[in-house]
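Data first, discussion second: the structure below is written as structure tokens.
The values are calculated or read from the model by the stated rules, or taken from the named source; none is laboratory data. Just so it is clear, the model here is predicted, and its values are computed rather than measured. Please note: Cβ atoms are built from the backbone with ideal geometry, for glycine as well, and neighbour counts cover all protein chains shown. Side chains included, ligands, DNA and RNA excluded: accessible areas come from the protein's heavy atoms. Shrake-Rupley method; radii C 1.70, N 1.55, O 1.52, S 1.80 Å.
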Amino acid sequence: MKLREINSYNELRKFVEFPMELYRYDANYIPPLIQDELNVLSPKHNNAFKDARSRYWVVEDEGRIVGRIAGIIKPCDTDPSLMEARFGWLDFINNQEVLYHLLSAVEQWCLHEKIYSLKGPFGFNSFDRSGILVGGYNELPTMFGNYNYPYYAELLEAAGYKRKFHWVEYNIQVPKKIPEKFVKGAQAIRQRYGLRQVVIRRKRELRGYSEAIRLLINEAYSGIVGFSKISNEHFEQLYQKFIQLIPKDYFSLVVDDTGELVGFGLVMPDLSEALKKMNGRFFPFGYWQLYRALKKSDTVDLLLIAVKPSFQHRGVHALIFEQIIPAVIRRGVLYVESTKELESNSDVRNLWGDFDHRQHKKSACFYRDLRSITSIENSLSYK
């Protein structure tokens, strides 16, 4: 076994492509786009590197990559004056020694930087893949969800890492018509608080709300574990990468009587099957696969819902659903994937009580206190 740090573009490409070999015969693995991954991991293309640092390692066995990991040091999400460490892009064969070398590399870097806790898997921001799957291995992940073999969690725990919290995901059946409860609830909320839904007639009209949407997301998700504030540059990247591709009726914007944005919702066609067929590459038929998925997918991913804190628990979600549900019904959508929600967030999970739904996936964030580590030799404890 040999641990090696990534120091060139060609090595980084092999780092990115390793999971495609590891999961070659797994029908539920969704490969990300190789070029997108390279851009995310490159300081030249990812604005997160303005205040973040990263290092990447692989473990090789007789010249063949058998594991990979990224170490990231960035300002703490809850207190930007402090730095935190996280690991991500963790993939490895079913071998404790491989995981030992990978985690040791990140841990020793943390200790050198005088950072004494490590958590993950996380990326640079909230839209990078995160978490270790601990339930739902027979389900197709969304494009924002991690997929891994069952042994990942077992070996991490054997290495001294503990579960910090869980995310859950739901598959929700789209009703044949919007429930009357939502129609009446939305009407009552409009009258009580002087709210209204914005009708987007042309996609370019969204541009006028871009900054308000970004600020609302940052305010609504502030303090939630794992959320990183969205910068202007990052929002522009998200707009170019996702928002401009999504049908205009898949957006919901709710404003008060002064025109201030107080609620925002967004679903997008599920691209998992398309990405699976693309196998990490746009060429030669990648654009066609994406185009078909954007036009004809029977499933949408609930990308996010954000409500201004002062309007939370006031039924604004009813206004958002009242606007989006008819759109997905018109387009023949059968299912909504909720994407990851904190298991402890009962307010969000209670939203699905009025629909046929099932909780089908679960993932975990792991962490370790590094203060007891003094050397590479004792950096991991085995059960």
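What the table shows:
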read-out: Count - residues of the stretch 81-98 that are part of a loop (DSSP other than H, G, I, E, B) and either open to solvent by less than 30 Å² (accessible area, probe 1.4 Å) or in contact with a strand residue (DSSP E or B) (Cβ under 9 Å, 6 or more places away or on another chain) (or both); value: 4
read-out: Ile189 vs. criteria surrounded by 16 or more Cβ atoms within 10 Å (Cβ to Cβ), modelled with pLDDT under 95 and in contact with a Gly (Cβ under 6 Å, 6 or more places away or on another chain); value: yes
read-out: Selection from the stretch 218-245 of residues that are over 21 Å from Ala52 (Cα atoms) and modelled with pLDDT of 85 or more; value: Glu219, Ala220
read-out: All positions within the stretch 334-370 that are among the hydrophobic types (A, V, I, L, M, F, W, C), within 18 Å of Leu266 (Cβ to Cβ) and in contact with an Asp or Glu (Cβ under 6 Å, 6 or more places away or on another chain); value: Val348
read-out: Condition met for Val59 (open to solvent by less than 10 Å² (accessible area, probe 1.4 Å) and of a type in the set (A, V, I, L, M, F, W, C)); value: yes
read-out: The listed residue being of a type outside the set (D, E, K, R) and open to solvent by less than 20 Å² (accessible area, probe 1.4 Å), out of Phe251, Phe227; value: Phe251
read-out: Residue match in the stretch 112-120 (condition: of a type in the set (Val, Ile, Thr), in contact (Cβ under 8 Å) with a residue 12 or more places away in the chain, in contact with a Leu (Cβ under 6 Å, 6 or more places away or on another chain) and in a loop (DSSP other than H, G, I, E, B)); value: no
read-out: Residue list for the stretch 71-80, restricted to those being surrounded by 14 or more Cβ atoms within 10 Å (Cβ to Cβ) and free of Cβ contacts under 8 Å to residues at least 40 places away in the same chain; value: Gly71, Pro75
read-out: Residue check, Ala159 open to solvent by less than 30 Å² (accessible area, probe 1.4 Å), farther than 30 Å from Ile230 by Cβ, among the aliphatic types (A, V, I, L, M) and touching a Phe, Trp or Tyr at 6+ places or on another chain (Cβ under 8 Å); value: yes
read-out: Subset of the stretch 115-155 that is closer than 18 Å to Arg368 by Cα and either open to solvent by 40 Å² or more (accessible area, probe 1.4 Å) or basic (Lys, Arg) (or both) - its residue that is farthest from the chain's Cα centre (by Cα); value: Tyr116
read-out: Whichever residue in the stretch 1-28 is part of a loop (DSSP other than H, G, I, E, B) and crowded, with 17+ Cβ neighbours inside 10 Å and, among such residues, is farthest from the chain's Cα centre (by Cα); value: Ile6
read-out: Residues of the stretch 101-114 that turn out to be over 26 Å from the mean Cα position of the chain (by Cα), under 18 Å from Ser372 (Cβ atoms) and crowded, with 22+ Cβ neighbours inside 10 Å, as a count; value: 0
